[in-house]
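I have placed the structure first, in the form of structure tokens, so that the comments after it can refer back to it.
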Amino acid sequence: MTRQAIYLDHNASAPLLPEARAAHIGALDLVGNPSSVHAQGRALRAVIDKARAQVARLAGAERDQVVFTGSATEAITQAIVGGAKAFGVDAIVVSEGEHAAVLKAAEATGLPVKKVGLDDDGLIKVEEIASALAAADLVGMRLLVAVHLVNNETGVIQPVDRIEVLVGPSPHYLFVDAVQGFGKVGLEFASRAPDMMAVSGHKIGGPAGIGALLMKGHADQVRLIPGGGQESGRRGGTESAAAIAGFGAAAEVFAERFYHANVSELVRTAEDGMRLIAPDLVIFGEKTDRIGNVTNFAVPGLKNAVAMMGLDLLGLAVSSGSACSSGKVGPSHVLAAMGVPAELGECAMRASFGWSSSLEDVEAYLKGFGEVVGRHRARHGVAA
Ligand code: PLP
């Protein structure tokens, strides 16, 4: 087996879809600046317009609600840092399970940041958001609530609908990091309560380095990069038409490809198989609704750094959870927030499947997992 032959790290970055690759490469050959009025400029503008419609369709958004950014991290920072300023909020509310992009942006506002907890299943404690809103209302403070839709580490689907009911009719603002839900669950941005949502290209089989901020009309003043008036004045900087074209093409086909890969079934087979090999297996978030493509688990005593190295040598790419800074194998703040003891957290690994995954991948993975667990047992004198 060749190194990294089986890729089970779609939540870190999904493989490029062929349609996205073709659109991306096609647009790289176009010359000009999409803001120019000549024919070349207009051709690039048409590429961007098409992609905007494609991304809007998948997000259930109006075209003019889609603002292309350099990544979801940038979109998140625009929503939180720019939103705090434009809306004049007094404090930010986030959950302890947010991606670093949200946590760091909240810190960067310089405002007080209230962190609400996760329960043992990994669900945001909605009652803590309700208390924060009630406390703010008493003193006339205005809040920006920033939560995620689907957790990147555990796949837990958050009760955003309940949070919308609380924040929607209030004078407070709601931002949703929808990166891990985009294309997998309906966002229906235009008809739902959030003021803004962020999505990313490379999580849906588009190129990396492209994202979008979905913004309702009243949020149009939310800025991070003023610049030369691109994106209707909402994000300055000459657009990367090639990256945008790849993102758009991915948005066009991703949901169908993802559905056809039958990832929930693959994850179920993987979890059942791992349990047969390691009956003491712990699966995080197992008792609640999870997105079907990810499993986050631990074999008590088998450290993730050791297991991942063993799997990597067998050509199996999994991750230790949030794998956004390359090579990082550290404790997970998400699992810690769920009350997972540090010792067990050091054994946590994530396998995430997607549009290119197959049953053969699961079979190869289970074979490798069996070898790694078997070696661990032999080393530690544990009976099989
Ligand atoms: N939010 C979540 C939940 C993510 O999983 C990620 C990436 O892992 C991001 C934000 C950042 O996305 P990008 O890599 O496009 O900046």
Members of the stretch 1-43 that are in a helix (DSSP H, G or I) and under 30 Å from SER357 (Cα atoms): PRO18, GLU19, ALA20, ARG21, ALA22, ALA23, HIS24, ILE25, GLY26, ALA27, LEU28
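A quick yes/no check of all residues on (1) within 16 Å of the ligand (Cβ to nearest atom); (2) over 17 Å from ALA178 (Cα atoms); (3) within 19 Å of the chain's Cα centre (by Cα); (4) surrounded by fewer than 23 Cβ atoms within 10 Å (Cβ to Cβ):
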{"site": "LEU16", "(1), (2), (3), (4)": "yes, yes, yes, yes"}
{"site": "HIS24", "(1), (2), (3), (4)": "yes, yes, no, no"}
{"site": "LEU28", "(1), (2), (3), (4)": "no, yes, no, yes"}
{"site": "SER36", "(1), (2), (3), (4)": "no, yes, no, yes"}
{"site": "ARG57", "(1), (2), (3), (4)": "no, no, yes, yes"}
{"site": "ALA79", "(1), (2), (3), (4)": "yes, no, yes, no"}
{"site": "ALA84", "(1), (2), (3), (4)": "no, yes, no, no"}
GLN158 crowded, with 24+ Cβ neighbours inside 10 Å, more than 10 Å from the ligand (Cβ to nearest atom), closer than 24 Å to SER320 by Cα and modelled with pLDDT of 95 or more: yes
In the stretch 201-232, residue farthest from the ligand (Cβ to nearest atom) [restricted to those that are on the phi > 0 side of the Ramachandran plot and in a loop (DSSP other than H, G, I, E, B)]: GLY229
Residue identified as over 26 Å from ILE124 (Cβ atoms) and not in a loop (DSSP other than H, G, I, E, B) among ALA198, ALA190, ALA242: ALA242
Test: residue in the stretch 121-129 that is free of Cβ contacts under 8 Å to residues at least 60 places away in the same chain, assigned to a strand (DSSP E or B) and either within 16 Å of the ligand (Cβ to nearest atom) or in contact with a Gly (Cβ under 9 Å, 6 or more places away or on another chain) (or both): yes
Counted residues, the stretch 322-372 - those being hydroxyl-bearing (Ser, Thr, Tyr), within 16 Å of the ligand (Cβ to nearest atom) and either assigned to a helix (DSSP H, G or I) or modelled with pLDDT of 95 or more (or both): 1
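The values are calculated or read from the model by the stated rules, or taken from the named source; none is laboratory data. Keep in mind it's a predicted model, so treat the numbers as computed, not measured. Using ideal geometry, Cβ is built from the backbone for each residue, glycine included, and neighbour counts are taken over all protein chains shown.
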